Every structure is written in C-alpha cells, then in structure tokens.
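This report refers to the structure that appears directly beneath it.
The values are calculated or read from the model by the stated rules, or taken from the named source; none is laboratory data. Because the structure is a prediction, the values reported are computed rather than measured. Virtual Cβ from ideal backbone geometry, glycine too; neighbours counted across all protein chains shown.
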Amino acid sequence: MVKDQPDGPRSLSRADEIGNRYGLVRPPELTAEIATRRWRELNRLIHACMVLHGVGRDRRPFQRLLRTAGTLVGAARGILYVRCDDESGLELAASSGFPRGVPERLRVGGELALAALRVGKPLLVSRPTEAPLDEESRLLGESSCVSFPILREGQPWGVVQLLRSEAFSEEEAVLLWMYALVVEDALPSLAKEARAAEAPASGSPHPSLVSLSVFETKLDWELECVLWGGRSCSLLRVSFDSAAGGEKREEILRQGKVLRVLRSCLRPSDLLTPGPSGDLLIFLPEMDSPEAQQAAQKIRRALIQSRVLGEETAVIRSLHIAQATCPDQGRRGEDLLKALESQT
C-alpha cells in the first residue's frame, strides 16, 4: 500500500515535490474568461451539481459521482479512492473505463493520488518524464491524468483521478476543483439521503425475514454510506444447536417463535435473513461496535428468558452471537462475514 509516512520526511518531500511540479496554480474560481471559453463544460458542471442531489438514493453513489466527474471533462477512464480509516493510505472505491479491472498495483493508489491528497489541490500530468510516474501512467492506461482531492469536514477524504489521451487544461482542472467543492458540501447529507430511501421488498415468505439477495443489497448500500461519512453499521450472526429429532412442523413453529423474539429486540430498520449454515444474520445499520454489543446482549438475554430454544442451562451453552462492525472489521461485506466466521 502507498503510505503517508513510510519513511518519515522523505516520503512527504516526494509528495510535495510532485505537488509543486504538477499542482494547479490557479484558484478554484470561475472567471469571465473561463465562462466564455468553457461554456459547454460549465453547463455540464451545473448539471453535475444537480445530479449530486440524487446520488444518495443510488445503491452505488460512488459510481455516479465518478461518472459525473468524467462526463464533465470527457474523461475516458476514472478512479475514485477514499482514505483508509487508519490514514495509512488510499483504497479503491469506484472505477470506470477499465474493461479488465483496475490493475492490482493501483487498487491502493499511486504517487499521483497520494500527492494530490497531500498538497490539497489538483495535479495535472501529461506524458511524465520521471520513470515512476511514466510507469504509473502506463498502468492507468492514458497519457494524461488530472487528480483532484476531496475533503470531508476540512480533512482529506478521497481523490478522483480522471484519464484521457488528450492533455487536460488548467481551466478544466479549475472546473473539476469547483465540482469537488460541491461534493464536499454534499458529503454530510448523502448518507442520510440514502438511508431515507424506501427499503426494498423483503422477498421472503416469512414477514420477519428478508431474502439473502435483499440483505446483501442493503448491506452493500450501507457500507458505501459509511464511506460517504455516515455512521458505522454492524452484523450479528445468531447460531444455536437445533434440538434433536422432532417433526418438521414443530421445527418451523419453533423457528417462528425465535424470529418473533428476535424481532422484538430489533428496530424496524434492522434486517434478518437466514444464514448459509442454518444460522441467522442480523444487519444493524447506523450502529457502532458498543451499540451492537448491547444489541447482542439484549438478544441473548431475550432468547434465554423466553425458553424458545429450550431450557435455560442448555441454551446458555449452545447459543452463540458473533459481531462484526464496519469499518472496524472491514469495509466490504465479505470482510465482515469472514470476521463473523472467525469468532466461531
């Protein structure tokens, strides 16, 4: 991973050197000259600002943001990075125009992206002569690149890199910087807009359950909301030993009682789905690790006291509730599921 301070001052001086050489000199201000010469791009900028109001209702708002920025300047390719929680580097959040996917080496950012984040202004690079940047340019797949940072509440949050064969102009970089300022202003509300959207249909015959596909869709949606600047979200996995024997009808009724007990402990926004191993997965949006621990304790206490799983002493031994929270245990659904598995 490209890190902020792997070698102390030397690393910072390298980022500063790139920033000083390729950084945009002009401020993010719309002048009469730019408005006259770039009226087409200016119209696209106005449209892009309007589009941002609907981004929060997307399942994948990062993709919309990146695509809108690319349309603004006619970029063939684009990458959006967000900063890691531990501030050690960058990670890929969205990409466009890479038929075979973003090269593995670029999935954690490159020198240009990190330098743009470091200096806090757009970088314009076209056919660089330095060997490392030339190699990076070849991996990006286009000869010209503009990298512009995005802040969240005044702190570095992410970097957008747009790519094309024709060199980007300073005026285009100014417009992109203005677009970044609009994005920064919109970031705090995007997660709220996404969560305010209508929840999908359950797709499950039981009223307390949603299908696994709906569950995963909502989970992916919420994980992106966390990256936008929203609160953490958590997963719980409830597993217990099934009673030996018994009729199938009795098992279904017993499961129904379990679901009713679980639902009584949850909020309307929380989702339940059957897990792959006969367990139950619970999704807790906007709930951090301490809150999720409290929810797990509440569920455990309710299941034991209700005796829907059997006698209290037996349930205490057989009932297991695992917890994973984004971003503490990962930013992807598969990371959270692996964290749950590791707790068995």
Within segment 117-134, restricting to residues that are at negative phi and among the small types (Gly, Ala, Ser), the one that is surrounded by the most Cβ atoms within 10 Å (Cβ to Cβ) is Ser126
Checked Phe240, Phe148 against criteria (modelled with pLDDT of 85 or more and aromatic (Phe, Trp, Tyr)); the one match is Phe148
With the first residue restricted to segment 114-140 and required to be more than 14 Å from Pro28 (Cβ to Cβ), and the second required to be in a loop (DSSP other than H, G, I, E, B) and β-branched (Val, Ile, Thr), Cβ contacts under 8 Å at 6 or more apart or on different chains are Leu114/Val2
When segment 96-113 is checked residue by residue, the ones that are free of Cβ contacts under 8 Å to residues at least 40 places away in the same chain and part of a loop (DSSP other than H, G, I, E, B) are Pro99, Arg100, Gly101, Val102, Pro103, Arg107
Pairs returned, first residue in segment 1-28 that is on the phi < 0 side of the Ramachandran plot and among the acidic types (Asp, Glu), second residue that is surrounded by 15 or more Cβ atoms within 10 Å (Cβ to Cβ) and at pLDDT 50 or above, beta-carbon separation under 8 angstrom, 6 or more apart or interchain, are Asp4/Ser11; Asp4/Ser88; Asp4/Gly89; Asp4/Leu114; Asp4/Arg118; Asp16/Ala115; Asp16/Arg118; Asp16/Val119
Among residues of segment 16-38 being under 22 Å from Val183 (Cβ atoms) and in a helix (DSSP H, G or I), the residue modelled with the lowest pLDDT is Ala35
